[in-house]
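Take a look at the structure set out below.
The values are calculated or read from the model by the stated rules, or taken from the named source; none is laboratory data. Computed from a predicted structure; not experimentally measured. Backbone-built Cβ (ideal geometry, glycine too); neighbour counts: all protein chains shown. Surface accessibility is based on the protein's heavy atoms, side chains included, excluding ligands, DNA and RNA. Shrake-Rupley method; radii C 1.70, N 1.55, O 1.52, S 1.80 Å.
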Amino acid sequence: MSERLKALADAGVSIWLDDLSRERIETGNLADLVKNSFVVGVTTNPTIFAAALSDGERYDDQVRELAAQGKDADEAIFTITTTDVRDACDVLKEAFDASGGVDGRVSIEVSPGLAHDGEATIAAAKRLWAEVDRENLFIKIPATTEGAPAITDVLGEGISVNVTLIFGLDRYDAVMDAYLEGLEKAKANGKDLSKIHSVASFFVSRVDTEIDKRLDASGDPQAGNLKGLAGIANARLAYQAYEKKFAGERFQALKADGANTQRPLWASTGVKNPDYRDTMYVDDLVVEDTVNTMPEATMKAVADHGDIKGDQVRPFYADAAAHMQALADAGIDYDDVIEVLIREGVEKFVTAWDELLDSVDTALEAAR
C-alpha cells in the first residue's frame, strides 16, 4: 500500500485509473488496484478500448457469439464495451456506496463520430445508460459547442455525465453552465438531484505539448523559460473558476435540493515530454474535490516518488494568471491553441474508433 497514494487520497484527490480491459477485470487486477492503490474510479475512451481488443484473447468467445448472431462491427463494439464497463461498475460498487455515489464511477463514451451531432449524442447516451444499467456509470460527452445542449438534456433525464475534452477556460465555463441548466431541467422533471453526479474532464498535458511547440517555433531566446508550465497554470485557473461558479446563487439554490457540484477531473496527466517530471501533473494539481485520472504508469510513478505536499492550486492563482499573461505577451494565441486542441482531440478519438471498427469487423469476418 503506497503512502504517497494514500497522501493523495487524504488530500481530497480521487484517484481514477485511465484504462480498462477485460483482462484487468477477470484477473482481479482492477479489484487489486481498488484494494491496494486507492483507485476509486475508471475512465475509458476509444483508444483504450482499441488497445484492449487488439491485445486480448479474452474477447474471442464473445466475438464468435456475436458473429454467429450476425452482428455488425458497430453492434459488436456496443456489446463488448458495455459488458466490460458493466463488470467494472460491479467491481467499483463498494467504493460507490462508501462515497455516497461520489466515486466508484466508470465512464463510457458516446461514439466520437457524434461529437458535432447533439441529438444523436443524446440518443446514444440514453442507450448506453440503459444497456449498462448501473447507477455508478458516467456517460462521457465531449465539450464541443454542439455537446453543451446534449449535456444539459442528458443530465435532465437524471443520467450522470463525464464531460470530456475540455481544454480552455471559456469552454469550461460553458460546461459548468450546461451542468447547472441540466440540474434545473432534472428538477423540473421531478428527478432526485442528489443522485445526479458529474465531472468535468479538463485536459492538462496536451496544453503544454501544443504551447511548447509554438514557443519553440517562436525563435524567442527567452521562450524556453515559459515551457512546461501552461498546462498546470491553465488547470489552476480552471479550479478558481470552479470555486467561483459553485459558490454562486444559481448553484446554491440547487444545492438546497440536494445537488452536487461538478468536480474538476484532471485528464491527460501522463507526461509526454521526457524532460519533465513524470509526476508533475499529479503533484502540482493537488487540491480537494478533484479527480486525477492516470494511466497506470503515472500512478506507479506517483506511488514510487510522487511529491504530495498539500494544496498546490489555491495558493498559486496569481502565479497562474501571470504565466498565462506572459504567454500572451510572447505571442501565444490562447484561443487558437484551445480550438486546435479541441479539433485534434475529437479527430484522435474518431481515428481510434475507426480503427476499432476495422479490427472488430475483421475479427467478426474471421469468426464467421
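A count restricted to the range 322-334 and to residues that are buried (at least 16 other Cβ atoms within 10 Å of the Cβ) and of a type outside the set (S, T, Y) stands at 6.
A11 - would you say it is in contact with an Asp or Glu (Cβ under 9 Å, 6 or more places away or on another chain) and within 24 Å of D311 (Cα to Cα)? Yes: the conditions hold for A11.
Kindly establish whether V350 is in contact with a helix residue (DSSP H, G or I) (Cβ under 6 Å, 6 or more places away or on another chain), over 30 Å from L183 (Cα atoms) and either in a helix (DSSP H, G or I) or of a type in the set (S, T, N, Q) (or both). It is false that V350 is in contact with a helix residue (DSSP H, G or I) (Cβ under 6 Å, 6 or more places away or on another chain), over 30 Å from L183 (Cα atoms) and either in a helix (DSSP H, G or I) or of a type in the set (S, T, N, Q) (or both). Go through the range 182-214 and give me each residue that's open to solvent by 10 Å² or more (accessible area, probe 1.4 Å), closer than 22 Å to L128 by Cα and outside any loop (DSSP other than H, G, I, E, B). Residues satisfying the conditions are K185, S194, K195. The residue of the range 289-298 that is least open to solvent (accessible area, probe 1.4 Å), among those that are of a type outside the set (V, I, T) and either more than 22 Å from T209 (Cα to Cα) or assigned to a helix (DSSP H, G or I) (or both), is E296. Checked against (1) more than 22 Å from D55 (Cβ to Cβ); (2) surrounded by fewer than 20 Cβ atoms within 10 Å (Cβ to Cβ); (3) hydrophobic (A, V, I, L, M, F, W, C), V337 meets all criteria but (2). For the range 38-58, filtered to residues that are over 14 Å from the mean Cα position of the chain (by Cα) and modelled with pLDDT of 95 or more, the residue that is surrounded by the most Cβ atoms within 10 Å (Cβ to Cβ) is V39.
Just to be sure, is D61 surrounded by fewer than 16 Cβ atoms within 10 Å (Cβ to Cβ) and closer than 14 Å to T362 by Cα? Judged against the criteria, D61 is not a match. Here I139, I159 are screened, and the one residue that is in a loop (DSSP other than H, G, I, E, B) and buried (at least 21 other Cβ atoms within 10 Å of the Cβ) is I159.
When each of V63, V85, V106 is tested for being closer than 18 Å to E135 by Cβ and either modelled with pLDDT under 95 or not in a helix (DSSP H, G or I) (or both), the lone residue that passes is V106. Among the residues that make up the range 95-106, is at least one of them closer than 15 Å to S198 by Cβ, within 18 Å of the chain's Cα centre (by Cα) and aliphatic (A, V, I, L, M)? Within the range 95-106 (the criterion being closer than 15 Å to S198 by Cβ, within 18 Å of the chain's Cα centre (by Cα) and aliphatic (A, V, I, L, M)), the answer is yes, since at least one residue qualifies. Within the range 270-288, identify whether any single residue is open to solvent by 20 Å² or more (accessible area, probe 1.4 Å), within 18 Å of the chain's Cα centre (by Cα), at pLDDT 95 or above and more than 26 Å from I48 (Cα to Cα), and answer yes or no. Yes, the range 270-288 has at least one match.
Selection within the range 258-269: residues that are in contact with a strand residue (DSSP E or B) (Cβ under 6 Å, 6 or more places away or on another chain) and of a type outside the set (G, A, S). The member of this set that is surrounded by the fewest Cβ atoms within 10 Å (Cβ to Cβ) is R263.
Going through (1) open to solvent by 60 Å² or more (accessible area, probe 1.4 Å); (2) at pLDDT 95 or above; (3) out of contact with any Gly (no Cβ under 9 Å at 6 or more places or on another chain); (4) closer than 24 Å to V163 by Cβ one by one, D319 falls short only on (4). Just one of the listed residues (A301, A247, A241) is without any contact (Cβ under 8 Å) to a residue 60 or more places away in the chain and open to solvent by 30 Å² or more (accessible area, probe 1.4 Å), namely A247.
Residue count for the range 181-203, restricted to those that are within 19 Å of the chain's Cα centre (by Cα) and not small (G, A, S): 5.
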